[in-house]
Amino acid sequence: MADQRRKRYLILEGRSASGLLRSIYRYEDDPAWDYLFTDTEWESYRDHGPLIVAALQDSDLYRWALGELKKSVDVIGVIIESDGTLTQVADWWRKRLRVKLDRTRTALLRLYDPVIWSELEPTDTGTQGLIERVIYWSGEGKEGRWYMSYNPEPVTMTEPPTLEPGQQENLGLLSA
């Protein structure tokens, strides 16, 4: 049985970060959160980008987020299981936001979007690292369900991280 008091991390993106923050504070008096784009080259967009929030699995905030993620309309994102701190988990994700497409092009990889995460087909590293599991909703209505990636590594970790040709093809970035 899952530990209901275990901390989870939510990466959530909505129409505006301020709207998401209002919802978060409606369910949690003093939430631990940060803008995902903090200290990245996209920091100037942080008010319009995703948030990373800590939530206990049995909290009202977590239940609200599950409901919003299942709707997949106004809020998208992923749930992260990790024993790390908010800062450690945020840094793991930030290191993977900028990816190399080829020798001259890089791009923002919205890997917190369940559609993108799914298309990346993250590999299971086989060893428990900082990120133990990523949970995301895919599909609509009764066809939708929760999916899980264990010990995931979504990109090839070089400097900067790289998308493999198959991943680029899955994301529609390669022309035929």
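The values are calculated or read from the model by the stated rules, or taken from the named source; none is laboratory data. Just so it is clear, the structure is predicted and the values come from calculations on it, not from any experiment. Note that each Cβ is placed from the backbone with ideal geometry, even for glycine, and that neighbours are counted across all protein chains shown.
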Taking into account only those residues within region 72-117 that are loosely packed, with under 14 Cβ neighbours inside 10 Å and basic (Lys, Arg), which is nearest to ALA54 (Cα to Cα)? ARG105
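Each row is one residue, and each column tells you yes or no for (1) more than 18 Å from GLU13 (Cβ to Cβ); (2) of a type in the set (D, E, K, R).
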{"position": "ILE116", "(1), (2)": "no, no"}
{"position": "THR123", "(1), (2)": "yes, no"}
{"position": "GLY141", "(1), (2)": "yes, no"}
{"position": "ARG145", "(1), (2)": "yes, yes"}
{"position": "PRO161", "(1), (2)": "yes, no"}
{"position": "PRO165", "(1), (2)": "yes, no"}
Being surrounded by 17 or more Cβ atoms within 10 Å (Cβ to Cβ) and in a loop (DSSP other than H, G, I, E, B) is the filter; apply it to region 118-170 and report the residue that is modelled with the lowest pLDDT. VAL155
Single match in ARG63, ARG46, ARG8 (criterion: under 18 Å from the mean Cα position of the chain (by Cα), part of a helix (DSSP H, G or I) and modelled with pLDDT of 95 or more): ARG63
